[in-house]
Amino acid sequence: MTVYKAPLRDIRFILKELVHAEQLVDLPGYEEATPDQIDFVLEELAGVCQELLFPLNQSGDEEGCHYEDGVVTTPAGFKEAYAKYVEAGWPAMACDPEYDGMGLPKTVRLLAEEMLSSANLAFSVYPLLTTGAYTAIFKHGTDELKRAYLPRMVEGSWSGTMCLTEAHCGTDLGLVRTRAIPQDDGSYRVTGSKIFISSGEHDFTENIIHLVLARLPDAPSGTRGISLFLVPKFLVNEDGSLGERNGVVCGGIEKKMGVSGSSTCVLNFDDAVGHLVGEPNRGMSHMFTMMNAARLGVGMQGLGLAEVAYQNARAYAKERLQGRALREPRYPEREADPLIVHPDVRRMLLTMRANTEGARALAGWVGLNLDLAEHHPDPAVREEAGDLVDLLTPVVKSYFTDHGFLATNLAVQIHGGHGYIRETGVEQFVRDARIAQIWEGANGVQGLDLVGRKLGMHNGRLLRRFFHPVAAYLEAHQNDPLLGEFVAPLAKAFGRLQQATARIAQQGLRDPDEAAAVSSDYLRLFALVALGYMWVQMAEISLERLGIGSSGESRVNGGQATADAAAASVGDPKDVPFYQGKIACARFYFQKLLPETSSLFAVIMAGAAPVMALGDEGF
Amino acid sequence: MEIVVCVKQVVDTEAEKKLLAPDWRLDRQSVENVLNPYDEYAVEEAVRLKEAHGGEVTVLCMGPEDAQSAVRKALAMGADRALMVTDPALAGSDTQGTALALSGALAGLTYDLVILGIMSTDAQTGQLPSALGDILDLPVLTALNMMKFEDGSLTVHRQTDQGYVAYGCGLPAVCSVVKGINEPRYPSLKGIMGAKKKPLETKDLAELGVDTARVGGAGALTKVLSTTAPPPRKAGQKIEDDGTAAQRIVEFLAGEKII
């Protein structure tokens, strides 16, 4: 039996102490998003995740979705759980109040996505896709389309999909063949076949709103000739009631490695009535406005699986008695010591945890900037925040999902043979985590996005939005004896990142393969520095809260930081182990994980030649 | 129909509980606290009765200021207003002290029905409904798994080991409900966001006219002398299948009077 409890304490720490989410309430439109309210919302969502969705995770995986004659049936319990999810109004969380949304900050939604993914990734895909479709219609649809479709999607009684992939094209959408023919009444008729459509057909909602990439008859070739269309499963009458079935049919569902409770459909469009969303031939760019948000969401899927994997590995490591601590038995009264005494098990657990908590902190920072980018009254602040989000989006997507896969694997390893058998439930996390590295832009594409698009954008302006605060922090703390153990290694890694960036910029101009061949390594180097920047701040806050001054002295009583002094400084005794854990984890991060930047740096400096030397026929 | 639901904040069921010497009170500081899970059924039943018959639901809670989070959850589930009874003199109250404080608060409220959960998950006395009924001189119906209001009177089912007993009762009355009477709703997002805007009043004992000498540790009629942890669970019994396993399992279950 697997366990999951939402990491509310850590989320509270990140929001209140690290990124100061209390500033959200000053942004126009977020007047009600007080720290207290955000806490309350996340607490109640945690209940939904733990009690409603998590218990269906393993059974949903075992059963999977069923397909028969164009109809998809979701695993037992999913439909009822979705009804409760809708009844409680959760789909409306971060949607616009004009269309009956609750208008909560994106920061909240991002952290909510982590919890939903931990509890039941397969289930979470259905509402996530609706959010994606909602965003595209909200940003680019006409008022008429918005009024006709958004309120029901916000309510959750209609769901949404994103139909991009076709059998012959996934990453390269310029090859899309689905076509749309304009009609006299201003609508279009869409014909073509799409594959890998998540939530393309299911039994949750009375209508499904497909957003489909297709070509107009006179469209130029490639990505500049793609338009975006809204194609409902059932046509919608003037009065909002459902009319005839539209010409879109589910031709089958895929059997997959993981997320088997999420339906992955072949959708056949045959002369289906559609409506243009946004401008003709601008479909790709319209799709990307929501794609960036979706990529952050996918990053949170990796994080969510890493978290639930860690919780289960930790529980198992504490209760499973096996072997003895090498120096002397730590629990002599028991038959053997629990796994947690073994250094290699601790290494694995801390690798999971230090990455997970660092990633969550980064998510909090990115989330806050998402909200600043959309709601801050000052255009300069909006631009700066938007730049940072754009820059870090591929980092979040790729690094978080790679970590999700690595962490879930470590959880299996800690469980040993019990992790490999289905009944225990942890091998499912590995299989589920795997897809997050692929969908919404494979991780390799994220590396290309970072080096090929984001680095050079606006003459390096995006990059400066990250480099400047890191450099300023390092400079301000360079002589801080208390933080030296964190600041020094971060400064070294940051220096390598700057050097690697310069190399890629120079060499990449001369030969794009030079940039592309090291893009994944570069993204990882970038991510490690970004997490280091989070960890040094978390360590600083934790030391401060525990009242530990320089050279380990307590600021409270001038002596050693005794337990009592720590408790007095923190205020709440249950917080002492929390902050102590943060500091220990920070040390692990800087001493055991950040050094990977050395090897990545060497790999990046070795350039493209070792990758490109062998001819295609040599493989 | 005006309904008052009495709720309590308790230590999270899953948390490791500690009892602190010298008076063996529960350590509520070092763990998470939540709305008493049994009270969720009481809140749900009250909200359903309100939805069917109109009126308002008032949440009544005795506890420290921090217990407001439990009250807010009840408000998010659909209760309309809340009254907190907060007074340092209440610390260490036993059932009598609690009943005196709550009945003092009820005296200032209009109600047709007072609903409680069957008991709190921490103290587990289950005595409060009876104590309240006694002080208020009202009929008391406990352990209900069905409540119906029709033509001005209440029909209820009282759960027993064998089934249920049906009772009828006029109003006002004090009722306690069991797990399973309903399925408590998840608070809606609208309810969550709106909970803070609902009126929440806090009163101390002086305002309620309750004699502080009769409540708290000092006024308690009972005293905890000592506590003992339950003996550790014995190891389970393994039955290897040598062809007679099924028979031996049946015998074991029969021996435990399970079948």
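The values are calculated or read from the model by the stated rules, or taken from the named source; none is laboratory data. In this text, all values refer to a predicted model and were calculated from it rather than measured experimentally. Because the Cβ atoms are built from the backbone with ideal geometry, glycine has one as well, and the counts that use them run over all protein chains shown. Quick note on the areas: whole protein, heavy atoms, side chains included, nothing else; ligands and nucleic acids left out. Shrake-Rupley method; radii C 1.70, N 1.55, O 1.52, S 1.80 Å.
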| task | Tell me which residues, restricted to the range B:22-51, are more than 13 Å from B:Gly78 (Cα to Cα) and either open to solvent by 70 Å² or more (accessible area, probe 1.4 Å) or polar (S, T, N, Q) (or both). | result | B:Pro22, B:Trp24, B:Arg25, B:Arg28, B:Gln29, B:Ser30, B:Glu32, B:Asn33, B:Asn36
| request: Report, by residue number, each residue of the range B:189-205 that is in contact (Cβ under 8 Å) with a residue 60 or more places away in the chain and either away from every other protein chain (no Cβ under 14 Å) or open to solvent by 70 Å² or more (accessible area, probe 1.4 Å) (or both). | output: B:Lys196, B:Pro199, B:Glu201, B:Thr202, B:Lys203, B:Asp204, B:Leu205
| query | Which residues, taken from the range A:292-311, are open to solvent by 10 Å² or more (accessible area, probe 1.4 Å) and more than 12 Å from the chain's Cα centre (by Cα)? | reply | A:Glu307, A:Tyr310, A:Gln311
| Among the candidates A:Ser157, A:Ser193, A:Ser198, residue that is open to solvent by 20 Å² or more (accessible area, probe 1.4 Å), closer than 26 Å to A:Trp90 by Cβ and at pLDDT 95 or above | A:Ser157
| If you check A:Ala119 against the conditions, is it among the aliphatic types (A, V, I, L, M), outside the structural domain of A:Ser227 (by TED's automatic domain parsing) and closer than 24 Å to A:Val426 by Cα? | yes
| said: Would you confirm, using the coordinates I've provided, whether A:Thr351 is open to solvent by 10 Å² or more (accessible area, probe 1.4 Å) and among the β-branched types (Val, Ile, Thr)? | reply: yes
| Unmet criterion (only one of (1) within 24 Å of the chain's Cα centre (by Cα); (2) assigned to a helix (DSSP H, G or I)) for A:Thr161 | (2)
| query | Does any residue in the range B:171-188 that is more than 14 Å from chain A (Cβ to nearest Cβ) and of a type in the set (D, E, K, R) come within less than 6 Å, Cβ to Cβ, of a residue that is in a strand (DSSP E or B) and surrounded by fewer than 21 Cβ atoms within 10 Å (Cβ to Cβ) six or more places away or on a different chain, and which pairs are these? | reply | none
| query | Among the strands (runs of 3 or more DSSP E) confined wholly to the range A:170-248, which include 2 or more residues that are among the β-branched types (Val, Ile, Thr) and touching a residue at least 40 places away in the same chain (Cβ under 8 Å)? | reply | A:188-198, A:207-214
| task | Check the range B:33-55 and report whether any residue there is within 14 Å of chain A (Cβ to nearest Cβ), among the polar types (S, T, N, Q) and farther than 20 Å from B:Leu90 by Cα. | result | no
| remark: The number of residues in the range A:442-491 that are in contact (Cβ under 8 Å) with a residue 60 or more places away in the chain and among the acidic types (Asp, Glu) is 2
| Which condition number in (1) touching a Phe, Trp or Tyr at 6+ places or on another chain (Cβ under 6 Å); (2) among the charged types (D, E, K, R); (3) in contact (Cβ under 8 Å) with a residue 40 or more places away in the chain is the one that A:Glu374 fails? | (1)
| note | Of the candidates A:Cys163, A:Cys95, the one satisfying the condition of being within 14 Å of chain B (Cβ to nearest Cβ) and buried (at least 24 other Cβ atoms within 10 Å of the Cβ) is A:Cys95
| query | Within the range B:145-160, is even one residue within 18 Å of the chain's Cα centre (by Cα) and in contact (Cβ under 8 Å) with a residue 40 or more places away in the chain? | reply | yes
| field | Residue in the range A:68-87 that is away from every other protein chain (no Cβ under 14 Å), assigned to a helix (DSSP H, G or I) and within 30 Å of A:Lys146 (Cβ to Cβ) present | value | yes
| query | Out of the range B:40-67, which residues are touching a helix residue (DSSP H, G or I) at 6+ places or on another chain (Cβ under 8 Å) and in a helix (DSSP H, G or I)? | reply | B:Glu40, B:Val43, B:Glu44, B:Val47
| field | Residue that is farthest from A:Gly532 (Cα to Cα), among those in the range A:579-595 that are assigned to a helix (DSSP H, G or I) and open to solvent by 60 Å² or more (accessible area, probe 1.4 Å) | value | A:Gln580
| message | Just the residues that are surrounded by fewer than 17 Cβ atoms within 10 Å (Cβ to Cβ) and either over 10 Å from A:His202 (Cα atoms) or within 14 Å of chain B (Cβ to nearest Cβ) (or both), please, taken from the range A:56-67. | response | A:Ser59, A:Glu62
| task | Might you check whether a residue that is open to solvent by 40 Å² or more (accessible area, probe 1.4 Å) and closer than 30 Å to B:Thr228 by Cα occurs anywhere in the range B:4-12? | result | yes
| said: When you scan the range B:220-238, do you find a residue that is more than 14 Å from chain A (Cβ to nearest Cβ) and open to solvent by less than 60 Å² (accessible area, probe 1.4 Å), even just one? | reply: yes
| task | With the checklist (1) within 14 Å of chain A (Cβ to nearest Cβ); (2) modelled with pLDDT under 95; (3) within 18 Å of the chain's Cα centre (by Cα) in hand, flag the one item B:Asp27 doesn't pass. | result | (3)
